[in-house]
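**Q** A single structure is presented below for examination.
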Amino acid sequence: SWGEQDSFGGVEIVRVMDRFSDGAVRRVAYYLPGPAVHESLHGPEWHYFPNGTLKSMQYWREGSQQGAFRCWYPSGLLRWDGMSVDGQRDGVYRQYHKGGDLQYEYEYTAGVPQGTWKEYLAGGVLSQEENFDAGLLHGKRRTWVRAEGEDPRDPDSPGVRFPVLVETYEVGILHGAM
């Protein structure tokens, strides 16, 4: 349903609220005046779970994602978070396991993979680390393989060598693996 007039960044916007069949708020979003289409999203947008807890939040500027974005599990624990500039991921992006432990940590510059990317198992155990330069793999990519619950840093773990796979890339081309 159409809501009240407001402003965002000095621009007039209109609030639109969608509801679940039981009347609970499902989504609140702001649009530029006119038809409520994706291209006219302008301002904050919130999505809710049926129980009323916040599911996600993000900001828009003229239909392009802008600023912080976050999403939560129904439990209320953070699922992922990051930043966007002009609709592109920019800066650190993190995703979390259902229990709250960090699962992925990536970095972007204007939507392009950059820097060290890390992947973790539940419990905070590093499972992969790779480096990007201008969107291309560059440098070492290390991958640790183990049975669920095994810590690859534990020298007493049976049958596991650390790291299991090391690959070296130069501007996206594999130059060696061990």
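**Q** Give the stretch 32-47 a look and list any residue that's touching a Leu at 6+ places or on another chain (Cβ under 7 Å) and either more than 9 Å from R61 (Cα to Cα) or aliphatic (A, V, I, L, M) (or both), or say none.
**A** Start the filter on the stretch 32-47 by keeping residues that are touching a Leu at 6+ places or on another chain (Cβ under 7 Å), which leaves 40, 42, 46.
Matches in the stretch 32-47: W46 only.
**Q** Please report, ordered by residue number, the strands (runs of 3 or more DSSP E) entirely within the stretch 1-88 with at least 2 residues that are surrounded by fewer than 12 Cβ atoms within 10 Å (Cβ to Cβ).
**A** Numbers: elements: 2-8, 11-19, 25-31, 41-48, 54-61, 67-72, 78-85.
Strands (runs of 3 or more DSSP E) meeting the threshold: 2-8.
To keep it simple, each residue is scored yes or no on (1) touching a Lys or Arg at 6+ places or on another chain (Cβ under 6 Å); (2) over 19 Å from H47 (Cβ atoms); (3) modelled with pLDDT of 95 or more.
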site: F69; (1), (2), (3): no, no, yes
site: D90; (1), (2), (3): no, yes, yes
site: Q95; (1), (2), (3): no, no, yes
site: Y104; (1), (2), (3): no, yes, yes
site: G111; (1), (2), (3): yes, yes, yes
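**Q** Now for a different question. Taking the conditions exactly as written (more than 23 Å from the chain's Cα centre (by Cα) and of a type outside the set (S, T, Y)), does L32 satisfy them or not? So that I can check it myself, show each step before the final result.
**A** On the way: more than 23 Å from the chain's Cα centre (by Cα): yes; of a type outside the set (S, T, Y): yes.
Yes; evaluated as a whole, the condition is true for this residue.
**Q** While we're looking at this one, here's another question. Please verify whether Y93 is open to solvent by 30 Å² or more (accessible area, probe 1.4 Å), assigned to a strand (DSSP E or B), touching a Phe, Trp or Tyr at 6+ places or on another chain (Cβ under 9 Å) and among the hydroxyl-bearing types (S, T, Y), treating the condition exactly as stated. So that I can check it myself, show each step before the final result.
**A** On the way: open to solvent by 30 Å² or more (accessible area, probe 1.4 Å): no; assigned to a strand (DSSP E or B): yes; touching a Phe, Trp or Tyr at 6+ places or on another chain (Cβ under 9 Å): yes; among the hydroxyl-bearing types (S, T, Y): yes.
Answer is no for this residue.
**Q** Then there is this: Within the stretch 111-133, identify whether any single residue is open to solvent by less than 50 Å² (accessible area, probe 1.4 Å), of a type in the set (V, I, T) and in a strand (DSSP E or B), and answer yes or no.
**A** Yes, some residue in the stretch 111-133 is open to solvent by less than 50 Å² (accessible area, probe 1.4 Å), of a type in the set (V, I, T) and in a strand (DSSP E or B).
The values are calculated or read from the model by the stated rules, or taken from the named source; none is laboratory data. Note that the coordinates shown come from a computational prediction; the quantities given were computed from them, not determined experimentally. For neighbour counting, all protein chains shown are included, and Cβ atoms are generated from backbone atoms with ideal geometry for every residue, glycine included. Accessible surface areas use protein heavy atoms only, side chains included; no ligands, DNA or RNA. Shrake-Rupley method; radii C 1.70, N 1.55, O 1.52, S 1.80 Å.
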